[in-house]
Amino acid sequence: MTELPFADQLSQDGRDMLRRHVVVHRFPAGKEIIAKGQAVSGAYFVLSGQLRVSTLTPAGREATLYALNPGDTCILALNSLFNDLLYPAWVQSDAPTTVAVVPGAVYRRLFETEPPVRALTVKALSSVVFRLMAELEEVHSCTLEQRLVNFILTHASAEGALRMTQQTIAAHLGASREGVARLLADLAARRLIRTARGRIDVLDQPKLLAAMGQG
């Protein structure tokens with residue numbers, strides 16, 4: 001499994017163990033992969049596509065905790081794995097996604113015997129902590145419009161296209177779809193973006209940056 005970020009750095013015994021036990025799953029977009037309260041079977045590594053880890057706000061709205069891109073592992077799954085806890089959130093595929101699962105007992109053994117696995121685990125934990133802190137800071141210091149504009153500019157392609165539904169964007173921001181729809185309509189009326197079904201096109205990036213106080 002050379003696609004895994006640590007595979008080439010393992011000892012021969014470690015590579016053999018990984019090769020014998022790793023399982024690869026392929027999920028379509030929109031598939032729920034782990035539900036809150038579910039037992040975790042192993043360590044999850046994204047090989048392609050994207051996973052989204054989310055929770056529910058007190059108002060019952062879905063809110064994204066973080067996304068997992070190729071090369072990433074889910075730190076909540078690792079925490080559940082090492083502490084024998086049930087998974088505390090939901091995981092869904094935002095695109096067709098391929099995931100490698102290293103069974104729990106195998107990953108714990110590799111963690112004990114293979115320094116690269118220990119290093120990767122610590123790095124994953126620290127990176128997610130910083131990511132969550134950045135999200136919290138943004139929630140408390142920015143308006144919803146600023147957060148929406150930042151999300152569009154961060155996730156749009158090089159051509160300025162964001163292929164994502166309003167509901168998915170709202171879930172990422174922890175906001176209502178209606179609130180996101182109103183803000184998108186306002187940005188479109190100002191000719192900063194153009195909206196279509198499942199797609200947003202950036203028309204004027206400098207003015208869009210100015211809308212969030214960065215331009």
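Using the rule -39500 (n - 2.57) for each DSSP H run of four or more residues, divided by the residues of the chain, the 222 nm mean residue ellipticity is -14000 deg cm²/dmol. Per residue, the accessible area of the chain comes to 53 Å², computed with a 1.4 Å probe over protein heavy atoms only.
Consider all pairwise Cα distances in the chain and report the whole-number % of them above 32 Å. In whole percent, the long-distance tail amounts to 26.
The values are calculated or read from the model by the stated rules, or taken from the named source; none is laboratory data. Keep in mind it's a predicted model, so treat the numbers as computed, not measured. Note: accessible area is taken over every heavy atom of the protein model, side chains too, but ligands, DNA and RNA are not part of it. Shrake-Rupley method; radii C 1.70, N 1.55, O 1.52, S 1.80 Å.
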